[in-house]
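Heads up: the structure comes next, in structure tokens.
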Amino acid sequence: MDLTDIFDRPARILVADDDWLNRDLLKAYLTDAGYEVVTAADGQTALEIALQSPPDLALVDVQMPRMDGLELCAAMKSSPGTRFVPVVIVTAFDSQEEEVKAIEAGADDFITKPYRSLVLLTRVRSLLRIKRLYDEIEAYNRLLRQVLDRFLAEDVTDIILTDPERYLKLGGEVRQVTVLFADIRGFSRFTEEHTATEVIETLNRVFQSLSQVVFTHRGTFDKYLGDGLMAFYGAPVSGEDDAQRALDSAIEMQRRFQELCRETGEDLNGLGWGVGLHSGEVVVGNIGSEKVMDY
């Protein structure tokens, strides 16, 4: 396997060292191995580069002007954009004390000068493989968040992502929930008097406004049902105020529908918005297979 095969593109490595000879030597090793290399002669410049365009890995000398390597490492590990970038501390001092300092600063590895190119590249490759796994997990979490945000309030999504094995596994459990069902009253007549395009536009206008109410009150959006929608409160995350939040949603939906009627005038003339609520025990959970499931 080529050294760059673990990325879809050449890995980008930041080399920070105030000694131009060391910088050029590291750059030559890494460039010959197929990596893209960007260099900095001091810690502050290196930090600015890293924050502006996070590298896949950083090789950092300890002794540098403006900001030393340990400070640079700590700064990168404390920044959300670079905290998972592997940092390798490079130093001429081969002592346990120096290694402890590097670890305390958040370094992922520690290399002493003079270094052998094969050892250096092996460690770089190992850390890049870990970085690739982290990037894949992050991409999966972003996709999962996009899917969950379509049905859940953002803070509920946050709770689920802290323990996905608990909330996303197959199976069901008995929960006390409040179900909300709402639909447009008089819509059958409306469909007979308007074109299909006008009907779709009206549905989208109403749902765009009213479905957001479910998320505002931390409910779980279930599905659209023709000219209606269904949501529930109390799963997958429950609280003592589930029923109250469902009631608040129903009231706000009525208010928003009246606002839509005033804004659109004739478009929604003769239509109404009906809401029903029911609280009780249900079995909720993911049904299907590991690949395709429905909650």
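Where a number appears in this text, it was derived from the coordinates with a stated rule and is not lab data. Since we're looking at a predicted model, the values are computed, not measured. A quick note on method: Cβ atoms are made from the backbone with ideal geometry, for glycine too, and the neighbour counts reach across all protein chains shown.
Observations, loosely collected:
- Considering only 199, 177, 275, the Gaussian network model of the chain with Cα springs below 10 Å gives its largest mean-square fluctuation to 199.
- Label-point separation, residue 129 to residue 278 (7 Å along Cα→Cβ), nm: 5.6 nm
- The shape of the chain can be summarised by an equivalent ellipsoid whose semi-axes, obtained from the alpha carbon gyration tensor, come to 57, 21, 18 Å from longest to shortest.
- If the chain linking residue 216 and residue 96 were pulled fully straight, counting 0.36 nm for each residue of separation and taking away their Cα-Cα distance, it would gain 37.8 nm.
- Extension gain (nm, one decimal) between residue 192 and residue 78, 0.36 nm per residue minus Cα-Cα: 34.9 nm
- Simple label model, 7 Å out from Cα along Cβ direction - residue 176 to residue 116, nm: 6.8 nm
- Within segment 225-286, the GluC sites (Glu not before Pro) that combine a DSSP coil assignment with at most 13 other C-beta atoms in a 10 angstrom radius are 240.
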